[in-house]
Amino acid sequence: MMDELNYPELPNDLESFWMPFTSNKEYKSSPRLLARARDMHYMTPGGRKILDGTAGLWCCNAGHGRTRIIEAIKAQADRMDFAPTFQLGHPAAFELANRLADLAPGDLNHVFFTNSGSESADTALKIALAYHNVRGKGSKVRLIGRERGYHGVNFGGTSVGGIVKNRQFYGGLISGVDHIRHTHDREHQAWTKGQPEWGAHLADDLERLVALHDSSTIAAVIVEPVAGSTGVLVPPKGYLKRLREICDRHDILLIFDEVITGFGRLGASFASEYFDVIPDMVTTAKGLTNATVPMGAVLCSRKVHDAFMAGSSAGIELFHGYTYSGHPLAAAAGIATLDLYREEGLFERARDLAGYWQDALWSLEGGHHVIDLRNIGIMAGIELEPRPGQPTARATETFHKCFDDGVLIRVTGDTIALSPPLIAERSHVDQIFETIGSTLKTVA
Ligand SMILES: Cc1ncc(COP(=O)(O)O)c(C=O)c1O
């Protein structure tokens, strides 16, 4: 069906768009453009089909161009384009919040809407600080992230984030932030299928920070249950439970950043459900609307929400919000997306596909340049030996060559990170790993 569409011409001037997280000079000298998308594929302006091995940017979990979502957005645009949610409201935002509360595990049943993963991270951090304040514990002001963590690009998320390039150019960032160590250790964990046996004790690094700063100064800890952007780091068995226990012991809020792991990526609604560890807040975005309309959401536990309702006098309980919190088009897209996930059983589908996905990934064991493989759910990391003196060059060349061969992969550092839409068939999985395997043989 896509072949019948007319393709827009290449734009003749690429200069004005300052592209995010992109080597602009390199890209603009050799651009790669996407013009259409349907189900598992993108299409270039020239009509070349590209299999999507990354669900866009970890976000199109139900695949592309899904009619149900498109129709819902159109209908909502027709009905009402925008309505404020400050002191007003509209039905779709309430309905989506209820649906998310039903979907989320435990008592994560209050929803604060944002427009992105970055805004979700900053919102959760602000709620954590305010939470302690409304309970009369205003000394709990420190925020703890983790090395190699990614929580978007706003000031809070950048501050608790742990990827050096994302931090080093931005001065002192926000004060009162510290980091626990990351969970990755190739010596003890390399070549592990699923969760490593070794490393639960790394959660105890939080106790080190409690000893250093005292728990009376610490508000919250934020981690990705599976670190995505830094190269798919799977949490060691027992690690997240241990983090939960330490947080409980010291009245520290635990925030899971599920911007990637939410909405079926691990074959469950959220990683919190998958790992059976319920944090105090979950940050989401991306798959919430299948990436059709930008939207994020922070899912808050009853404990967190009710503290505000009980702790503040009459009037606004939380001085925070975005013009577009709960935007009608995004809310309509979110409801239709959740319908699609449920009706097509996409989370269960991902769970069923995970074994095949793992086997296909592990066909690369011993492959050219491959020094580690990591996987969980429908996520995979393929770590390549960096080219001496040229970090990231080998992975970048692999990315370009795979694109030329019709498969979209993502690279971060020297790791290939994969996360296809959950509608992937086995034949798509085969194509992804066969293309990567044969490409790696051609990469110096
Ligand atoms: C774990 C995590 N948090 C936050 C973000 C930021 O999301 P956004 O780019 O929508 O701001 C991302 C994006 O990849 C992410 O992976």
Hey, any hits in segment 326-341 for a residue that's assigned by TED's automatic domain parsing to the domain that holds LEU88 and surrounded by fewer than 17 Cβ atoms within 10 Å (Cβ to Cβ)? yes
From the residues in segment 11-31 that are polar (S, T, N, Q) and more than 18 Å from GLY46 (Cα to Cα), which one is farthest from the chain's Cα centre (by Cα)? SER16
Of the residues TYR170, TYR150, only one is surrounded by fewer than 19 Cβ atoms within 10 Å (Cβ to Cβ), aromatic (Phe, Trp, Tyr), at pLDDT 95 or above and in contact with a Ser or Thr (Cβ under 7 Å, 6 or more places away or on another chain); which? TYR170
Lone qualifier among ALA92, ALA83, ALA62, ALA55 - being small (Gly, Ala, Ser) and farther than 23 Å from TYR341 by Cα: ALA83
The one condition in (1) over 22 Å from the mean Cα position of the chain (by Cα); (2) on the phi < 0 side of the Ramachandran plot that GLY176 fails to fulfil: (2)
Kindly establish whether TYR7 is at pLDDT below 95 and hydroxyl-bearing (Ser, Thr, Tyr). yes
Looking at PRO294, is it in a loop (DSSP other than H, G, I, E, B) and either more than 16 Å from the ligand (Cβ to nearest atom) or buried (at least 24 other Cβ atoms within 10 Å of the Cβ) (or both)? no
Residue hits (segment 101-123; buried (at least 24 other Cβ atoms within 10 Å of the Cβ), aliphatic (A, V, I, L, M) and out of contact with any Cys (no Cβ under 8 Å at 6 or more places or on another chain)) are ALA104, ALA121
Meets criteria (more than 19 Å from GLY287 (Cα to Cα) and within 20 Å of the chain's Cα centre (by Cα)) for GLY381: yes
Name every residue in segment 342-352 that is assigned to a loop (DSSP other than H, G, I, E, B) and loosely packed, with under 15 Cβ neighbours inside 10 Å, in order of residue number. GLY345
Restricting to segment 417-439, name every residue that is touching a strand residue (DSSP E or B) at 6+ places or on another chain (Cβ under 7 Å) and of a type outside the set (Gly, Ala, Ser). LEU418, PRO420, PRO421, ILE423, HIS428, GLN431, ILE432, THR435, ILE436
Can you list residue pairs whose Cβ atoms sit under 9 Å apart, with the first residue in segment 200-223 being assigned by TED's automatic domain parsing to the domain that holds TYR239 and the second being in a strand (DSSP E or B) and of a type in the set (Asp, Glu)? Count only pairs 6 or more apart in sequence or on different chains. LEU209/ASP178; LEU212/ASP178; HIS213/ASP178; ILE218/ASP178; ILE222/ASP257; VAL223/ASP257
Can you say whether GLY162 is surrounded by fewer than 24 Cβ atoms within 10 Å (Cβ to Cβ) and within 16 Å of the ligand (Cβ to nearest atom), as far as the supplied structure shows? yes
Consider ARG394 against the criteria (1) under 24 Å from VAL226 (Cα atoms); (2) surrounded by 17 or more Cβ atoms within 10 Å (Cβ to Cβ): it satisfies all of them except one. Which criterion is unmet? (1)
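The values are calculated or read from the model by the stated rules, or taken from the named source; none is laboratory data. Keep in mind it's a predicted model, so treat the numbers as computed, not measured. Because the Cβ atoms are built from the backbone with ideal geometry, glycine has one as well, and the counts that use them run over all protein chains shown.
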